[in-house]
Amino acid sequence: MRVIAFIEDPGVIRRILEHLGLWAPLATERSPPLPAASWPRHANLPLTYHPVPDIA
């Protein structure tokens, strides 16, 4: 397999992806975060840190 073209024009890229049914524009808004009560039980575990000794 080898590269035969490198397309840089955003308009051309969009038209190709739309033709293939692969165009998915970026979301403009995000939904509000879920309350902590609805998170999985393991999502509230504290993070631990184990220092690694320097090897010099």
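The values are calculated or read from the model by the stated rules, or taken from the named source; none is laboratory data. The shown structure was predicted, so the numbers you read here are calculated from the model rather than taken from an experiment. Here the Cβ positions follow ideal geometry from the backbone for every residue, glycine too, while neighbour counts run over all protein chains shown.
Figures for the structure shown
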| read-out | value |
| --- | --- |
| Residue among His42, His50 that alone is at pLDDT below 85 and assigned to a helix (DSSP H, G or I) | His42 |
| Test for Leu26: is it at pLDDT below 80 and either assigned to a loop (DSSP other than H, G, I, E, B) or surrounded by fewer than 10 Cβ atoms within 10 Å (Cβ to Cβ) (or both) | yes |
| Verdict on Gly11 being surrounded by fewer than 10 Cβ atoms within 10 Å (Cβ to Cβ), at pLDDT 90 or above and at positive phi | no |
| Leu17 vs. criteria of a type in the set (A, V, I, L, M, F, W, C) and loosely packed, with under 10 Cβ neighbours inside 10 Å | no |
